[in-house]
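Please treat every number below as a calculation from the coordinates, not as lab data. Just so it is clear, the model here is predicted, and its values are computed rather than measured. Methodologically, a virtual Cβ is constructed for each residue, glycine included, from the backbone with ideal geometry; neighbour enumeration extends over all protein chains shown.
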Amino acid sequence: MYSVSPNTTDSKFYNLTIEDKNGEADMFVTKYQPTANWLNDKDQVFEGNISTLRGAGVFTHILPDDAGGTNQNYDGLGNNYGSPQGSPYYPTNCDGEVIVTMETIIVRCTCENHLPNQCNQQNPCVNPGYYATIPYYYCNLDNGNWNSNNPNTTGGTNTGGSTSGDGNNNDPDDPRTSITIINGGGAPGNVFGEEDDDFISDCNLLENLSTSPDFINKMQELINNTSGNTEIGYFGSTDSNGDTTLPVRVESPENVRGFDTTIYSTEQVDVFMHNHFNNGQGSLYVFSGSDLYTLYQLYLNGNITDTNNFVMLVATPGGSGVNDEETLYAITIKNETSFVTFGANFLHDFFLIDNLYNNDTNLISPNISNDLNEERFAKLLKTFNSGLTVFKGDKDNLSSWSKLKVKNNNTLIEKNCN
Amino acid sequence: MKKILIFTVVAFSLFACKAQTIYSKGTQPEAMEADNIYIKDINNDHDLLVGTWKWVDGNSSFEITLQEFEMYHYPDNSTRYYDAIFGKYKYIENGVVIAETNTIEPLPNFSVGFNYWTSTLYNVGIKDVVSDKSMVGKFEIISTNTATLNLWRSEGIRVNSQDNNGIDFSLPISVTLTKQ
């Protein structure tokens, strides 16, 4: 049933839904409160607030009206990979059961399109963005026979607990795929799990780099130099305003790779970045064993004062694949304890990690494509429980990053930050 | 009752132990299980490689001795096994021994490691005990008793490395060797 408020200045409209779910009758009202922008052009994606009132005889308010809100800029954290796809709009054409879940969306800072509260602190954004939890609707055509990809598999009522869903609903091994079904009036729980917190934090860290002019200029130099004949490295730090400067520059002699340098323990290093180049002997399109060795040395030497704030980056030349081109990769330290153990076992000598790259089980090599190298590299980090997370960047857009994640079924996915 | 108990224990053990999958050399990692694997030299490609290879030029020589470590794994808790090749070397220049490793050690204290790429091409890592520097490279078998060895520095900017000591890499970096 569709109803429109007689008060046209209010510009709200409602969907009254009567459902028969799992043999139980219920009904709820979804309220849509559009923005003026949407009202001026109703052909665009809905823009405004959405909230739901559910009741069996008596309506129970399950979502604060002011907590919703969605527009074309939002980023749904749920249903990114899942099937069936959910939607913030009630599926009026659904011939099966309608499942309602609470999912978190990101409304980005409008001035710089950053994640919420990540806009320039010097010039605060009028609309800094926010996270909001809104109802998502799934149409179950199997009449209750949901597979493991389905958010309904966990069943149960919402008790306000943590769901920690990130949208990877197609991973049966991933404990974070649980999405709570709203059957009653429970308030939504913490939708961000620990891993999601790390992911968002790392994405913020990487995106923030691209707001620093010094980083942009020097990273561009490294990208250009992937077709040159030297390795260039920059070491720098990030101040309390989030501005990164990279004052220490080192460069290898021409056509020399694998060169040594010294960084004193008094030097704080939040960012270390460098380039690879191909001198005819091939070049690794991901971090080399020596790069991981250097990361560990910086840690041991006391240069990395805050592992949560540290990023190591590399600009690499195109690989052996037909479509391979220059690529950026970044590493963050996700689990310091694991990283220290990984370092102690495998990074005390780069000769050891170089050998492990090449052995039969890893086969990371200049002679294979970018895609294979990054997959094998991500798997190596996981196999050795490195405590490190690897991200892939875009040489043409320094604020664009994706996490390379090895799932429990040993496949690689890219989880986009943007 | 005792038989039932024994049967139960044996049956449980069989179910608890996941079977090991054997792959031939050259199998791509994407085609393999993540754990409980054994990458075996099924085609005996290592027969061509193991033994002693020597380069001689007057009173100078460079000798590498290679040995197969069957069903090797590293680290100890890894369930990913493979037939590995490690070795030792002796470098004599004008009759003087410049660098030598006397024993063949596997990871992590190895001085020579060979990794299969094809039946005639191996990725190589060699550590020079004089300079404490290491190099990577390729060892290519061009006939049953002849091979080329080319070495270079692996890439990467190394901070505070143990090999930043001012001593040059002392081993030959490009030689043709003969199987002894």
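Starting from the Cα of A:Lys218, draw a straight line to each of the lysines and keep only those under 21 Å, dropping any in the same chain fewer than 8 residues away.
A:Lys392, A:Lys395
So, R0 is 41 Å and r is the distance between the beta-carbons of A:Asn335 and B:Gln67; what FRET efficiency does that work out to, to 0.05?
Given R0 = 41 Å and the Cβ-Cβ separation, E is 0.65.
Relative to the longest principal Cα axis of chain B, at what angle does helix B:2-16 sit, 0 to 90 degrees, rounded to 10?
40 degrees
Let me know the shape class of the range A:350-418, please: from the alpha-carbon gyration tensor, a ≥ b ≥ c as square roots of the eigenvalues, rounded when a/c is under 1.5, otherwise prolate if a/b is greater than b/c, or oblate.
prolate
Between rounded, prolate and oblate, where does the range A:201-416 land on the alpha carbon gyration tensor, with a ≥ b ≥ c its root eigenvalues, rounded for a/c under 1.5, else prolate if a/b exceeds b/c?
Taking the square roots of the gyration eigenvalues as a ≥ b ≥ c, the range A:201-416 is rounded.
Beyond 31 Å between alpha-carbons counts as too far, so tell me which of B:Lys40/B:Lys88; A:Lys382/B:Lys25; A:Lys403/B:Lys133; A:Lys403/B:Lys40 fall in that bin.
Numbers: B:Lys40/B:Lys88 22 Å; A:Lys382/B:Lys25 23 Å; A:Lys403/B:Lys133 34 Å; A:Lys403/B:Lys40 34 Å.
Pairs exceeding the cut-off: A:Lys403/B:Lys133; A:Lys403/B:Lys40.
Go ahead and run the numbers for FRET between B:Asn150 and A:Asn408, Cβ-Cβ distance against an R0 of 60 Å, rounding to 0.05.
Here the calculated transfer efficiency is 0.90.
Test of understanding: what is the full-extension gain from B:Ser119 to B:Asp35, defined as 0.36 nm times their sequence separation minus their Cα-Cα distance?
Details: separation 84, 0.36 × 84 = 30.24 nm, distance 2.41 nm.
Going from the current span to full extension adds 27.8 nm.
Expected output is a single nm value to one decimal: the length gained when fully extending between B:Val130 and B:Thr178, i.e. 0.36 nm times separation in residues minus the C-alpha distance. What is it?
In short, 14.8 nm is gained.
Run down the lysines and flag those whose C-alpha is under 26 Å from the C-alpha of A:Lys31, throwing out any fewer than 8 positions away in its chain.
Within reach: A:Lys12, A:Lys21, A:Lys42.
Counting only Cα, what are the radius of gyration and maximum Cα-Cα distance Dmax of the range B:43-179, in Å?
Values for the range B:43-179 (Cα only, Rg and Dmax): 15.1, 47 Å.
Of A:Leu284, A:Ala344, A:Ser240, whose Cα points farthest to the positive end of the dipole of the range A:201-416 (charges on the beta-carbon: +1 Lys, Arg; -1 Asp, Glu; origin at the Cα centre)?
The one lying farthest along the dipole's positive direction is A:Ala344.
Could you check the spin-label model distance between A:Asn418 and B:Ser143? Points 7 Å from the Cα along Cα→Cβ, value in nm.
According to this spin-label approximation, the distance is 5.8 nm.
Let me make sure I get this right: for the range A:202-259, a, b and c are the square roots of the gyration tensor eigenvalues over alpha carbons, sorted descending. Under 1.5 in a/c it's rounded, otherwise prolate if a/b > b/c, else oblate. Which is it?
Prolate shape, in that a/c is at least 1.5 and a/b is the bigger ratio.
Under 10 Å, Cα contacts only: if you run a Gaussian network model on chain B, which one of B:Ile157, B:Ile104, B:Ile37 comes out with the highest mean-square fluctuation?
Judging by the Gaussian network model, the answer is B:Ile157.
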